[in-house]
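The values are calculated or read from the model by the stated rules, or taken from the named source; none is laboratory data. It should be emphasised that the depicted structure is a prediction, and the values quoted were computed from it without experimental measurement. Virtual Cβ from ideal backbone geometry, glycine too; neighbours counted across all protein chains shown. Accessible surface areas use protein heavy atoms only, side chains included; no ligands, DNA or RNA. Shrake-Rupley method; radii C 1.70, N 1.55, O 1.52, S 1.80 Å.
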Amino acid sequence: MKADIIAIANQKGGVGKTTTTVNLGVGLAKAGKKVLLIDADPQSSLTISLGYSQPDKLPFTLSNAMERILMDQPIDPDEGILYHDEGVDLLPANIELASMDVSLMSAMSREMVLSRYLNMVKSRYDYLLIDCQPSLGMLTVNALSAANRVLIPVQAEYLPVKGLEQLLSTISKVKRNINGNLQIAGILLTMVDGRTNFARDISALLRENYGSRIRIFETEIPHSVRAKEATVEGRSIFAYDMHGKIAQGYDCLTKEVLQNEKQCKKHYAGLCL
């Protein structure tokens, strides 16, 4: 099977990119897939979420890998890969990645540096998930250039939904000029408070405005403090609260990503609405 490289992207912060990367990744691993998670954010949220609370002390991170690519230096595909006990591998990040974003501005073939690195490791995996930074800078463009699909988490609020056009424009430009294989996997509504009319209105607005041209995942991730608690513990929601509504939501999303929507709807009939 050819590796599926999915960028988890949105220039808006706080919409659930990292939470989605962790839990979709672990969900895919639970389904028997080999998964590599790539932290492409200098804030290191993904790295911290998987239990590495001091990323600046890690000896090898994504910035080191990309620097070696820029310098045409050899890379051992195993170097820097961390192994999480929930079955996913991690290429971590730390604050050094912020300077890499600047270095890329003057680099030759600057949009393809991450892609060149992932080409060295992707044969080992079924899925590679890239947790993008909350901006549309060079690191995010690198992620979009390396990916074959983009998954867009959007918080169930008016302004995050309104800001989608800028991201969609960037995706379109990357597809047109750099990566003709890039597709949108879908838009995922996150932090949904199903008790309110407002959340239902936002969902309806999203589906009305974009549903005819972009897939909107049937799964909607509910709002819950459990997701933040799991992050503090360095665990996925499956390990932290296996029977909770967040875990059930991400299990359902995993099935959608694996194109088992009928099975998902049957098993979680009340959740995938």
query = Is the stretch 175-187 home to any residue that is small (G, A, S), free of Cβ contacts under 8 Å to residues at least 24 places away in the same chain, in a helix (DSSP H, G or I) and surrounded by fewer than 24 Cβ atoms within 10 Å (Cβ to Cβ)?
reply = no
ask   = Yes or no: L37 modelled with pLDDT of 95 or more, open to solvent by less than 10 Å² (accessible area, probe 1.4 Å) and assigned to a strand (DSSP E or B)?
value = yes
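Among the residues of the stretch 10-36, count how many are of a type outside the set (A, V, I, L, M) and over 11 Å from the mean Cα position of the chain (by Cα). Break it down stepwise before answering.
Residues of the stretch 10-36 of a type outside the set (A, V, I, L, M): 10-14, 16-21, 23, 25, 27, 30, 32-34.
Among the residues that remain, those that are also over 11 Å from the mean Cα position of the chain (by Cα) are: 11-14, 27, 30, 32-34.
Adding up the residues that qualify gives 9.
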task = Collect the residues in the stretch 203-248 that are surrounded by fewer than 18 Cβ atoms within 10 Å (Cβ to Cβ), in a helix (DSSP H, G or I), at pLDDT 90 or above and among the hydrophobic types (A, V, I, L, M, F, W, C), keeping them in residue-number order.
result = A239
task = Take the stretch 129-182 and flag every residue that is touching a helix residue (DSSP H, G or I) at 6+ places or on another chain (Cβ under 9 Å), among the hydroxyl-bearing types (S, T, Y) and more than 24 Å from P42 (Cα to Cα).
result = Y158
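Assess whether P42 counts as being open to solvent by 40 Å² or more (accessible area, probe 1.4 Å), farther than 28 Å from E256 by Cβ and assigned to a loop (DSSP other than H, G, I, E, B).
On the way: open to solvent by 40 Å² or more (accessible area, probe 1.4 Å): no; farther than 28 Å from E256 by Cβ: yes; assigned to a loop (DSSP other than H, G, I, E, B): yes.
No: the conditions fail for P42.
Hey, any hits in the stretch 64-83 for a residue that's of a type in the set (A, V, I, L, M), surrounded by 22 or more Cβ atoms within 10 Å (Cβ to Cβ) and touching a helix residue (DSSP H, G or I) at 6+ places or on another chain (Cβ under 7 Å)? Even if it seems obvious, please write down each step before you answer.
Filtering the stretch 64-83 down to residues of a type in the set (A, V, I, L, M) leaves 65-66, 69-71, 75, 81-82.
Now restrict to residues that are surrounded by 22 or more Cβ atoms within 10 Å (Cβ to Cβ): 65-66.
Applying the additional criterion that residues be touching a helix residue (DSSP H, G or I) at 6+ places or on another chain (Cβ under 7 Å) yields 65-66.
Checked the stretch 64-83: at least one residue is of a type in the set (A, V, I, L, M), surrounded by 22 or more Cβ atoms within 10 Å (Cβ to Cβ) and touching a helix residue (DSSP H, G or I) at 6+ places or on another chain (Cβ under 7 Å).
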ask   = So which residues in the stretch 10-34 are in a helix (DSSP H, G or I), touching a residue at least 60 places away in the same chain (Cβ under 8 Å) and either crowded, with 22+ Cβ neighbours inside 10 Å or among the hydroxyl-bearing types (S, T, Y) (or both), if there are any at all?
value = K17, T18, T19, T20, T21, V22, N23, L24, G25, V26, G27, L28
query = Got a number for residues in the stretch 14-44 being under 22 Å from M66 (Cα atoms) and out of contact with any Asp or Glu (no Cβ under 9 Å at 6 or more places or on another chain)?
reply = 1
message = Quick check on the stretch 101-159: of everything there that is of a type in the set (S, T, Y) and open to solvent by 30 Å² or more (accessible area, probe 1.4 Å), which residue is modelled with the lowest pLDDT?
response = Y158
